[in-house]
Amino acid sequence: MEKNNDTNLNRWVDDRLGTLRPETQWQPDPTRRFTQLREQLHRGKARRKRSLYIAAGIAGCVLLLLAFPATRTLADRYVSACVRLWAHFAASGSSLTYTEQHDRKVAPDFVLKDHSGAQVRLSDFRGKVVLLSFWDTKCAACKVEIPWFIEFQEIYRHRDFVVLSVALDKDGWTSVKPYIEENKINHRVMAGTDDVARLYSDFIPTALIIDRSGRIAVTHVGLCAKREYETAIEATINEH
């Protein structure tokens, strides 16, 4: 009985194999699979090599900037901002700092000229909520945030809110004025100095929300989410 079963099984297998046309018969192709694997490994190695070259290039530029006193402050500022940006995207936490009302410190006062030549004193804006930002025209993260600030100025201007920008370009108005016109900035922009910037932060971009009493309620460092700004602005405006 076993023999007959084996014979029938073999015949059935032979019949099935006989129905397969040679061109449709499946055959394993280990050569092709190894070729694909080798190509994947080569691509992965090339990506890693490119990443190393890019990292080395950035490090080299930073070291070159740090070698000269005139560019050391700028290099420090950009390196710090990059670290903050990486932390913002890599970590789950936010780079926003909120201070309770009883712990807030008065924002350091300053006087700077805006793009029209008029003097701007920060303390003159007591009674309003102020978004004070520090940036420059070459900062990539700043270019992301500036359209938001333009929008905030338009949305919240009827609610005792104002945006003030301090541009920290080394060549001052030479770069800043064309940038204001190109981006149709609708709030006051001042040409800042390192001394003023150091009163608040060594990083760009940095933005602070100052309450109606002139105290720092919220500090943003690095590129923050637009929704973080909106929430912070609303909360500060609604304070009593």
request  = For ILE155, indicate whether it is at pLDDT 95 or above and either in contact with a Gly (Cβ under 9 Å, 6 or more places away or on another chain) or surrounded by 15 or more Cβ atoms within 10 Å (Cβ to Cβ) (or both).
outcome  = no
ask   = Could we say that VAL130 is under 25 Å from GLU234 (Cα atoms), assigned by TED's automatic domain parsing to the domain that holds ILE216, modelled with pLDDT of 95 or more and surrounded by fewer than 20 Cβ atoms within 10 Å (Cβ to Cβ) here?
value = no
query = So which residues in region 206-229 are at positive phi and either outside any loop (DSSP other than H, G, I, E, B) or out of contact with any strand residue (DSSP E or B) (no Cβ under 6 Å at 6 or more places or on another chain) (or both), if there are any at all?
reply = GLY222
key: Answer from ALA207, ALA197, ALA232 - the residue that is small (Gly, Ala, Ser), surrounded by 15 or more Cβ atoms within 10 Å (Cβ to Cβ) and touching an Asp or Glu at 6+ places or on another chain (Cβ under 9 Å)   = ALA207
ask   = Does LEU96 fit the bill of being under 24 Å from CYS224 (Cβ atoms) and crowded, with 19+ Cβ neighbours inside 10 Å?
value = yes
key: Number of the exception - THR236 against (1) in a helix (DSSP H, G or I); (2) among the polar types (S, T, N, Q); (3) under 18 Å from HIS115 (Cα atoms)   = (3)
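The values are calculated or read from the model by the stated rules, or taken from the named source; none is laboratory data. Everything quoted here is computed from the prediction, not taken from an experiment. Glycine gets a Cβ as well: all are built from the backbone with ideal geometry, and neighbour counts include every protein chain shown.
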